[in-house]
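Visitor: Following this message is one structure expressed as structure tokens.
No value in this document is a laboratory result; all are computed from the given coordinates. The model shown is predicted, which means the values in this text are computed figures rather than measured ones. Cβ coordinates were reconstructed from backbone atoms using ideal geometry, including for glycine residues, and neighbour counts include every protein chain displayed.
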Amino acid sequence: MKTPISASKRYVHHLLKPHKYFTTTHLRRLSVAPDSTQPPSQEELTETAITQLKITEDWTSKTNLHHQLLSLPPQSLIKIARHLETSNKALKFFHFIHDNQSPSLSQLPLPSIFQTVIELAMREEDSVPLVDLFNLSKELKVPLTSNSAILLIRYFFNVKKVQESLQLYNELEPDAKNTNVKNTLLGLLLRFNKFEDAHKLLDEMLQPDTKFPPNETTLSVVFSVLLRWNYGKEDEKILGLIPKFGIHGVFPCNVWSTQLITRLCRSHRNDKAWELLHELIKFGKLEAGPCNALLSGLSRERNYKRINLVLNEMKENNIKPDIVTFGMLVNHLCKVHRVDDALDMLKKMKEGSDGISIKPDVILYNTVIDGLCKVGRQEEGFLLMEQMKSEHNCAPNVVTYNCLIDGFCKSGEIERAHELFDQMNKENVVPNVITINTLVDGMCKNGRISNAMEFFRKMQEEKGIKGNAVTFSTLISAFCNVNNIDRAMRLFDEMESLGSPDALAYYSLISGLTLAGRPDDAAFIASKMKKSGFLPDLLTYNTLIGGFCRKKKLDKAVEILKDMEDSNIKPDSVTYNTLISYFTQNGDFETAHKFLKQMVKDGNAPTVVTYGTLIHGHCVAGNLDEGLNLFEEMLRTSKVVPNNVIYNILIDSLCKCGKVDHALSLMDGMLEKGVRPNTTTYNAMLKGLSSRNRLKDASRLMNQMTTQACNPDYITMEILNDWFSAIGEVDKLKQFVQGFQVSPSAA
């Protein structure tokens, strides 16, 4: 007896009516002819059924087609469903098979046929609603296949029905909740920020006894989301997950491992990166990438011990270093000026010793050449360039020449740098703006500004290299330094005509005008800078304030300070020290101390310059007691240790006031604080002792100078010569200077 059609299926009932064109001839094709000697194969029967089903709807009548369909094996029924072209036809076929189930047909593949209905419906715009299909599967108690579940889960997420996806997953048969289904749901939950549900699902997958454990796709889904987040506790979560994945034999690939270790190192957590690498080494199958990432982080920390350990462990675990590994190590060695070690490593690579068989590339050669130039061994760098061309057929590029040109420029060998420039042109290595900037900067710093300008113009005309902000800023600064402000201004105007100058160009001109004693012009350039969209930074404001203070234009300095605060740029210790110095030099100690209080209030701790400025000002103004009070406050409340400049100011002032004992006591305290007296300290003290004719104390200090290898200068000799000659102690003076090399006076 046929199963009654439920209310949920009434909308498809009309599709099951017999087709008026279905004839006996069609049925005959499905039956075995009486005179046939060989029955048709299952494949032939399946193909015939597909053909007939496309032209008939009479599936319910007790015909040969009816019986033939129900006699086909499951795979044939699935194939028929997939060839029905539309979800409506596939659904009719599903109902036909479902309604004709019997104990003998218990193996009919209803879940797979229903999957075909869903697949067809998802490809059609006007199809059976997928929600109805989901409800139909529940009503008919037809379990969903894993693929059906995946399709419906994706659909529900696309229409923002997250809870329906979770409900569908929870109602699946246990065997249908395979790893692929879980991965699909997990990825969607993470994408839609349903982190609590995602965590529960992932925890379910990571259980040691789970039937459907995670795979590489699971790890990829999780990592791709977590690694997009900012540095922080998420990294700790990732690190905690790795051993749990490892239990199931799933480990991060080298790309993920490299990315995670790089991330940890960049957030200054090299210890965590170290732990992760060693966890990965235990798993095996590690390549050079993750090791390179850790080596890079350790290089930035200059942790030589761990760098060597990583290299040894790579060798022990048969992790072959690549060109990147050696490039990083050579770069690290060069940065810490261990150029000979870098050369030795390069030699081993070229000779193939120590198991190294990697051909150095131009990048590695450039690193070593640059390292040689940085330590003043540019000639060796040049020879290495010639070697790379002749021995390894490795052509130098513009970076190679830029490194060498920079090295020769910094050593003042401008002609040699120009020879290299000519050589690179002969070898058809095209110079870039860095090449031009290097030569222009080298010529300017060696006092050849006119030559630099001429060279720059030539490059503009012949090579079409227009220069950039660095080029113009270098020339502007150079002309400002020789007080050729007009030429600097013309260059700035030219730069404006070519395009808007950058912040560096503005600052170069502002700094130059300020140093030239033209702070008003500098302030005008700063206003243009703001109109161009560049906000002056703290350094620019400090430069302007210092310029106006030196010109004693307090009102202008205050204007700049107010503009600075309006721009939400807080003054720093340099700002306050500049203002405190100005008021101290002008005897306005009350205002200077107000700025000192404001400095502390704003969270800027007074520096040794702050105290030194105030103490020196008070001493010069004859306020020795105020200077000493500040000194005591500095010792009592500040973490700043007085330097020998401050001690020298106070010792000199005390001696000039006749307070020699106090000065001697201060000098003893100086030694206790670990501040070493210099020649100026001893000169001030000896001058004070000579005025009191305290020969015994002077002899002690002279012995102390000898012990500390503090050379006397001509001021020392003048003080002692006048004093000892007057009291007949010239032999003592001769004995003192014996073994000393008298240095020129620093006064």
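Visitor: How about the range 543-629: which trypsin sites (Lys or Arg not before Pro) there lie in a loop by DSSP and see at most 13 other Cβ atoms within 10 Å? Could you put the intermediate results ahead of the total?
Guide: Numbers: sites: Arg550, Lys551, Lys552, Lys553, Lys556, Lys562, Lys594, Lys597, Lys601; in loops: Lys551, Lys552, Lys553.
Taking the range 543-629 and a limit of 13 other Cβ atoms within 10 Å, the loop trypsin sites (Lys or Arg not before Pro) found are Lys552.
Visitor: Can I ask one more? Please find the FRET efficiency linking Lys282 to Arg154, where r is the Cβ-Cβ separation and R0 is fixed at 30 Å, and quote it to the nearest 0.05. Can you show the working numbers first?
Guide: Details: r = 37 Å, r/R0 = 1.24.
Once rounded, the FRET efficiency stands at 0.20.
Visitor: Among residues other than Met453 whose Cβ falls under 12 Å from its Cβ, what is the net charge (Lys/Arg +1, Asp/Glu -1)? The partial results should precede the final answer.
Guide: Details: positive: Arg448, Arg457, Lys458, Arg487, Arg490; negative: Glu454, Glu494.
Spelling it out: positives minus negatives among the neighbours equals +3.
Visitor: Scan the range 402-455 for chymotrypsin sites (Phe, Trp or Tyr not before Pro) in coil per DSSP, keeping those whose Cβ has at most 10 other Cβ atoms within 10 Å, and list them by number. Display every interim value, and only then the final one.
Guide: Numbers: sites: Phe408, Phe421, Phe455; in loops: none.
Within the range 402-455, no chymotrypsin sites (Phe, Trp or Tyr not before Pro) qualify (loop, at most 10 other Cβ atoms within 10 Å).
Visitor: Please report, in debye to the nearest 20, how large the charge dipole of the chain is about its Cα centre when each Lys and Arg carries +1 at its beta carbon and each Asp and Glu carries -1 there.
Guide: Working: 88 positive and 87 negative charges, 278 e Å.
Taking the Cα centre of the chain as origin, the dipole is about 1340 debye.
Visitor: How much length is gained on full extension from Asp555 to Glu173, taking 0.36 nm per residue of separation minus their Cα-Cα distance?
Guide: Working: separation 382, 0.36 × 382 = 137.52 nm, distance 8.29 nm.
In short, 129.2 nm is gained.
Visitor: So if I take the centroid of the Cα atoms in the range 378-402 and the same for the range 427-500, what is the distance between those two points in Å?
Guide: So the two Cα centres are separated by 27 Å.
Visitor: Can you compute the modelled spin-label distance between Lys141 and Val600, with each label point 7 Å from Cα toward Cβ, in nm?
Guide: 8.5 nm
Visitor: Taking the Cα-to-Cβ direction at Gln207 and at Asn397 and moving 7 Å from each Cα, how far apart do the two end points lie in nm?
Guide: 5.5 nm
Visitor: Looking at this model, which pairs from Lys161/Lys244; Lys200/Lys320; Lys374/Lys426 are more than 29 angstrom apart at the alpha-carbon? List each step's numbers first, then the result.
Guide: Working: Lys161/Lys244 31 Å; Lys200/Lys320 39 Å; Lys374/Lys426 26 Å.
From the list (Lys161/Lys244; Lys200/Lys320; Lys374/Lys426), the Cα-Cα distance tops 29 Å for Lys161/Lys244; Lys200/Lys320.
Visitor: Could you compute the longest span of the chain free of GluC sites (Glu not before Pro) located in DSSP loops and having at most 14 other Cβ atoms within 10 Å, not counting the site residues? Could you put the intermediate results ahead of the total?
Guide: Numbers: sites that count: Glu85, Glu124, Glu125, Glu391, Glu427.
So the longest stretch without any such site is 428-747.
Visitor: Sticking with this one: What length, rounded to one decimal in nm, is gained on full extension from Thr607 through to Glu125, with 0.36 nm per residue of separation minus their alpha-carbon distance? Please list the in-between numbers first.
Guide: Working: separation 482, 0.36 × 482 = 173.52 nm, distance 7.46 nm.
The span from Thr607 to Glu125 would gain 166.1 nm if fully extended.
Visitor: Could I ask something else about it? Would you work out the relative contact order for the chain, in percent, from Cα pairs under 8 angstrom that are 6 or more residues apart?
Guide: Values: 834 pairs, mean separation 25.6, N = 747.
For the chain, the relative contact order is 3 percent.
Visitor: Ok, one more. Which chymotrypsin sites (Phe, Trp or Tyr not before Pro) in the range 270-368 sit in a loop by DSSP (not H, G, I, E or B) and have at most 13 other Cβ atoms within 10 Å of their own Cβ? Could the numbers behind the result be given before it?
Guide: On the way: sites: Trp274, Phe283, Tyr304, Phe326, Tyr365; in loops: none.
Nothing satisfies the criteria.
Visitor: Continuing with the same structure: Per DSSP H run of n ≥ 4, the term is -39500 (n - 2.57); total these for the chain, divide by its residue number, and report the mean residue ellipticity at 222 nm rounded to 500 deg cm²/dmol. Display every interim value, and only then the final one.
Guide: Details: 42 runs with 515 residues, N = 747.
Value at 222 nm, helices only: -21500 deg cm²/dmol.
Visitor: Which FRET efficiency value, to the nearest 0.05, is calculated for Val645 and Lys305 with the Förster distance at 30 angstrom and r the Cβ-Cβ distance? Each step should come with its number before you reach the end.
Guide: Working: r = 39 Å, r/R0 = 1.29.
Taking R0 as 30 Å, the efficiency between Val645 and Lys305 is 0.20.
Visitor: From the phi of every residue in the range 82-95, what ³J(HN,Hα) in whole Hz does the Karplus formula 6.51 cos²θ - 1.76 cosθ + 1.60 yield, where θ is phi - 60° and glycine or proline is x?
Guide: With coefficients 6.51, -1.76 and 1.60, one gets 6, 9, 7, 6, 10, 5, 5, 5, 5, 5, 4, 4, 4, 5 Hz.
Visitor: Using P(r) over Cα pairs in 10 Å bins from 0, in percent as the read-out, say which of (i) 2, 9, 10, 11, 14, 14, 11, 8, 7, 5, 3, 2, 1, 1, 0, 0; (ii) 2, 11, 15, 14, 12, 10, 8, 7, 6, 6, 5, 4, 1, 0; (iii) 2, 12, 20, 23, 20, 13, 7, 2, 1, 0 was calculated from these coordinates.
Guide: Read-out taken from this structure: (i).
Visitor: Scan around Thr210 for amide H atoms under 5 Å from its own, H built in the peptide plane at 1.01 Å from N, and keep only partners 5 or more places away or cross-chain.
Guide: Those qualifying (amide H under 5 Å, at least 5 residues apart or on another chain) number zero.
Visitor: To continue, here is another question. If I model a spin label as a point 7 Å beyond the Cα along the Cα-Cβ vector, how far apart are those points for Asn711 and Val255 in nm?
Guide: Computed distance between label sites Asn711 and Val255 equals 6.4 nm.
Visitor: May I pose another question? So how much slack lies between Asp537 and Asn721, counting 0.36 nm per residue of separation and subtracting their Cα-Cα distance, in nm? Walk me through the numbers before you get to the answer.
Guide: Numbers: separation 184, 0.36 × 184 = 66.24 nm, distance 5.38 nm.
Difference between extended and current length: 60.9 nm.
Visitor: What is the calculated FRET efficiency for Val482 to Glu313, with r their C-beta to C-beta distance and R₀ = 45 Å, to the nearest 0.05?
Guide: 0.20
Visitor: Relative contact order of the range 335-410: what whole-number percent is it, with Cα pairs under 8 angstrom and at least 6 residues apart?
Guide: Details: 71 pairs, mean separation 20.9, N = 76.
The value is 28 percent.
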